[in-house]
Amino acid sequence: MRPPGITATRRFLTRILVIWAVEFVAMILFGRFYPGMQLGGPAAAIIGVVVISLLNALLWPFLTYLFIPFAVFTLGFFTVLLNGLIIYVAQALVPGFTVDSFVSAVVVAIGLSLLTTILSSIITIDDDSAYYRNVINRRMKRVKHAARTDVPGVLFLEIDGLAEAVLLKAVADGYMPTLARWIGEGSHRLHGWECDLSSQTSASQAGILHGDNHGIVAFRWYDRERGRIMASSDSSVLKILEEERSNGNGLLVQNGASRSNMFSGDAPSVMFTGSTLRDLSRLHAKDFYAFFMSPYNFSRTVILSIGEIILEKYQFWKARRDDVRPRLGRDVRGGLYPLVRAVMAVFLRDLTAYTLIGDMYAGVSSAYATFSGYDEVSHHSGVESHDALRTLSRIDRKFARLEKASRGAPRPYRFVVLSDHGQCNGETFKQRYGTTLEGLVQTLVADRSTVRGGIGTDEDWGHINAFLTETIHHQRSAMASPVRNAVRRRITQEGRVVLGPEADPLKRTVLSEAGKEIIVLASGNLGMVYFPQWGERLTAERIEELYPGLLAGLAGHEGIGFLMVDTEERGPVVIGSTGTHHLGDGAVEGEDPLTVYGPNAASHLLRTDGFRSVPDILVVSLCVPERNEVAAFEELIGSHGGLGGEQARPFILAPAGWTADGAGLVGAEAVYRTFKGWLGEGREGVA
């Protein structure tokens, strides 16, 4: 039998030769068509490839150490300049290989990376696995963190915003072959579950990771006791929410890892976790830096990010050309959105996957990671659009890579794929009726009060802000100081980086000092109306006294499905245009306004009614369940946060031997209890 060491060496040498062959073809193609680069012949191309590889091996670690701050802050685009420098040095050393300027060297670097990425994808070179097998595994063995065991670890892989119905479509249509294989081979079984009101990430992750999401009204709500807006994209708010819910028994407390989440689950190792950005004692950064140490892998991510920006521009142009409906305008899909999409759908996706591979080689017991690209794209392109489903195919490839990498880990790993909520489609409330919810409220109250709308929900800016905030506070990182200087005008007194919609200090001040104004906030098709002047929740009778006709005007609007308000005599009541539903005793007068919102709608609303910051008026838009359609109160054609349709129907894809009560999985806290059971005594039983 051939010794395993020889087999591994031959595999490694074969891989190197194949990669060199790919780069040789790429160099020949680029040299033929780009006038700024000249090749004297095939020999010059071969020598050039070898010299570039050697320079990468010798110079890249040193250059990365010096310039990683700029690479990180520019989301990798500075690395393109470093690749150009490598090319420029190489052409000075290789006879017959010349570029006419440093700019041309940068162009050549981009072109070679692009062509190499395309050719490598065609012949399916898995350079990520090679990198981690040869670098991360050795380092983990050196630090003795990877003791071998037969007890399986568990990776919880969350696809943000993916409904069970859309998952099944993506699997059936060939977008997710890895998950299709797991299901087809019988290794995994699909379970549906029903999320809470509000159907959005902060409520779901607080429940899944800490077993308690009570009081989280929406993605953004007004806290009467604190007199402030609580936004789930605000890391200081997430810190408060976790401190209120953490009891030391989070999902990941036993040697777990939290990656790109809102909450930590009490994990001892965290990275890009919104609630723990200032807790450096738990910061995990080894594989964050390792991500920047491979010029090929990192350059590929940068090229793919640039490609994602170009793709978004093309897809938006095509949607306008074909008059696709519903469709957002330039005010939403223009500006910085293409860059945000590239960061979420490519950069953070790749960085999260890299880190999870490092976690497996370190032998962590469990990890929970969020992949947010689908949620971001479907918000803007549509829930079942090709744009969004294509994003799922890229995530599926990462799952295949994680599966392959797990074979070299010091313990077996089980994969649980899940979503935190789904999404609904449809034209927005403003597109349908020419006004926003706050505009409608302002019309109905006339000049009796001024209505202030909330900042648009954009949770993905929260991920980017978490990335930058964690960077500037990492004391051992050379990148902290330059990044801090670059964003110094966007750092709050609490030390948070705030970019995106919530960076406007005027908006934050207006909302936090609302006084006698009416505050209207939105979370998908869930709207919230607050009267902060009174300091307590107003009853329907009091609202009618202060603002005659407001409740009737809202309930009677064709774009609104129902309102929930408190009453003095019978408690919480749901009011529709043709009937009412009394939540206390279940009595219905006229037509039940909750009929199309699911069998558990009344219980979800009654639970929310018990929250201390329940809005004075809770508003839910129309819902057409057979078309999975709602009218979001924010400018997103794929939306979630309220009631109705597939937004409340996420999924869990778990190892086939792991049982879950599908009928009883109502609410994120029930999912937490199920997952804790899987991590406990039941886990070894299905190994």
(request) Calculate the spin-label point distance for E569 paired with E403, positioning each point 7 Å from the Cα along the beta-carbon direction, and give it in nanometres. (result) 6.2
(request) Go ahead and run the numbers for FRET between T659 and E244, Cβ-Cβ distance against an R0 of 45 Å, rounding to 0.05. (result) 0.90
(request) Would you kindly derive the ³J(HN,Hα) couplings of segment 635-649 from the backbone phi angles with the Karplus curve 6.51 cos²θ - 1.76 cosθ + 1.60 (θ = phi - 60°), listing them in order in whole Hz, with x for Gly and Pro? (result) 7, 9, 7, x, 9, 7, x, x, 10, x, x, 7, 4, 9, 10
(request) Name the long-range amide H neighbours of Y413: under 5 Å, sequence gap of 5 or more, or other chain; modelled H, no Pro or chain starts. (result) G153
(request) Compute the length gained on full extension between S577 and N255: take 0.36 nm times their separation in residues and subtract their Cα-Cα distance, giving the result in nm to one decimal. (result) 110.6 nm
(request) Could you calculate the contour length gain from L339 to R320, that is, 0.36 nm times the residue separation minus the distance between their Cα atoms, to one decimal place in nm? (result) 4.9 nm
(message) Taking amide H atoms as placed 1.01 Å from N in the peptide plane, list the residues 5 or more away in sequence, or in a different chain, whose amide H sits under 5 Å from that of G561.
(response) V620, S621, L622
(request) Express in whole angstrom the spacing between the alpha-carbon centres of segment 606-684 and segment 171-191. (result) 22
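Every read-out reported here was derived from the displayed coordinates using simple, explicitly stated rules and does not represent laboratory data. Computed from a predicted model, the values in this text were never measured in an experiment. Note that each Cβ is placed from the backbone with ideal geometry, even for glycine, and that neighbours are counted across all protein chains shown.
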